[in-house]
Amino acid sequence: MSEKNLVLSDDLFEKLPEDDKNSEFIAVAIKTFAKDAWDRFRRNKLALGGLIFLIIMIVLAIVVPAVAPYQFDTQDMANRNALPSLQHLFGTDKLGRDIFVRVMYGARVSLAIGFSTAAINLVIGILYGGISGYVGGRVDMIMMRIVDIIYAVPSLIYVVLILLVFGDSVGSMMLAICLTSWIGMARQVRTQIMSLKEMEFSLAAKVIGASNSRILIRHLVINALGPIIVSLTMMVPGAIFTEASLSFVGIGLNPAIPSWGKLANDCRQLIFTQPLQVLWPVAAISLTILALNFVGDGIGEAFQARTR
């Protein structure tokens, strides 16, 4: 092209002012991984409702037994089997004890067992399953055979033996539940690690000299975090239901500890004469487990990689 044509082309076009250069620019908010997951989670109304219910239940479990005018074991023999009133919101039991305070104190016990055992299982499952899946070979084979041996014995036998040896305390119950419930988490983590360790980002980290522990924790476990968190949320209702069912049949916690299962067990003989007394602990168990399931489903959708 000649210089003459270049001059003519410059005359035909006018330079765009600096203020108008970004007039058609579409601003996109930068989201972190956690922010993006939270935005997806809160759009799920059931999951958000379940989370709000759990927060309210935890707050009530902490506050009510501390500020209530009655202790969970305060007896009033002159006011037995009373119906719900302003003085006793859920009524009283056969010994005149305030059921509302006992249900909220039972929430302390049941939720503490549920969340604590889930946290312990998370740590054990990630370490055991992560090492097994990442190392592979003979180590993986030996570790998985150990898991198979533990899983072959019914978990109820472990629970009964632990409670007989260490007593019917909250710590013994947590130990009994944790003894076998980490197996599912370990297997899931192992499966995720075995599939992720062959991907390009894992191989690239190994090529640049990253240590095995850094690759496992900073790269593989982080990328498997979605399914791990979903499994974690499902462990909490499992632990709560296990404790409640064992206490209901009379082989759980100490009778002096008012867990939800123990409260339901105490009232089952009155199911036809005082059905409300059975309703409160059963409703607390059912609604809490339902809320945890909703939260687990919401987290699963929020962390689902295919929807991003």
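The values are calculated or read from the model by the stated rules, or taken from the named source; none is laboratory data. Note that the structure is predicted; figures quoted are calculated from it, not measured. Methodologically, a virtual Cβ is constructed for each residue, glycine included, from the backbone with ideal geometry; neighbour enumeration extends over all protein chains shown.
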Open item on the list: Looking at the structure I just gave you, is Ala210 surrounded by fewer than 16 Cβ atoms within 10 Å (Cβ to Cβ) and not in a helix (DSSP H, G or I)?
Closed with: yes
- [ ] Evaluate the following for Val165: is it part of a helix (DSSP H, G or I), surrounded by fewer than 17 Cβ atoms within 10 Å (Cβ to Cβ) and not hydroxyl-bearing (Ser, Thr, Tyr)?
- [x] yes
Task: Looking only at the stretch 132-154, and only at residues there that are surrounded by fewer than 20 Cβ atoms within 10 Å (Cβ to Cβ) and of a type in the set (Gly, Ala, Ser), the one that is farthest from Leu216 (Cα to Cα) - done: Ala152
TODO: Would you mind finding the one in Gly129, Gly114, Gly96, Gly125 that is more than 30 Å from Ala186 (Cβ to Cβ), small (Gly, Ala, Ser), touching a residue at least 12 places away in the same chain (Cβ under 8 Å) and surrounded by 16 or more Cβ atoms within 10 Å (Cβ to Cβ)?
DONE: Gly96
Open item on the list: What are the pairs with Cβ atoms under 6 angstrom where one residue, in the stretch 266-291, is outside any loop (DSSP other than H, G, I, E, B) and the other, located anywhere, is of a type in the set (Gly, Ala, Ser) and surrounded by 15 or more Cβ atoms within 10 Å (Cβ to Cβ)? Sequence gap at least six, or different chains.
Closed with: Pro281/Ala264; Val282/Ala264; Ile285/Ala244; Ala291/Gly50
Task: Residue count, the stretch 82-100 (criterion: within 18 Å of Lys262 (Cβ to Cβ) and out of contact with any Pro (no Cβ under 6 Å at 6 or more places or on another chain)) - done: 9
Open item on the list: Testing Ser110 on (1) of a type in the set (Ser, Thr, Tyr); (2) outside any helix (DSSP H, G or I); (3) under 30 Å from the mean Cα position of the chain (by Cα), one condition comes back false. Which one is that?
Closed with: (2)
- [ ] Starting from the stretch 221-234, keep only residues that are touching a residue at least 60 places away in the same chain (Cβ under 8 Å), then list their pairs with residues that are hydrophobic (A, V, I, L, M, F, W, C) and surrounded by fewer than 20 Cβ atoms within 10 Å (Cβ to Cβ) whose Cβ atoms are within a distance under 6 Å, requiring at least 6 positions of separation or different chains.
- [x] Leu232/Leu122
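Do we have any residue at all in the stretch 50-62 that's crowded, with 17+ Cβ neighbours inside 10 Å, under 24 Å from Leu287 (Cα atoms) and among the aromatic types (Phe, Trp, Tyr)?
yes
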Open item on the list: Please verify whether Ile142 is over 25 Å from Trp260 (Cβ atoms), in a helix (DSSP H, G or I) and modelled with pLDDT of 90 or more, treating the condition exactly as stated.
Closed with: yes
- [ ] Name every residue in the stretch 266-278 that is in contact with a helix residue (DSSP H, G or I) (Cβ under 9 Å, 6 or more places away or on another chain) and either surrounded by 21 or more Cβ atoms within 10 Å (Cβ to Cβ) or among the hydrophobic types (A, V, I, L, M, F, W, C) (or both), in order of residue number.
- [x] Asp266, Cys267, Leu270, Ile271, Leu276, Gln277, Val278
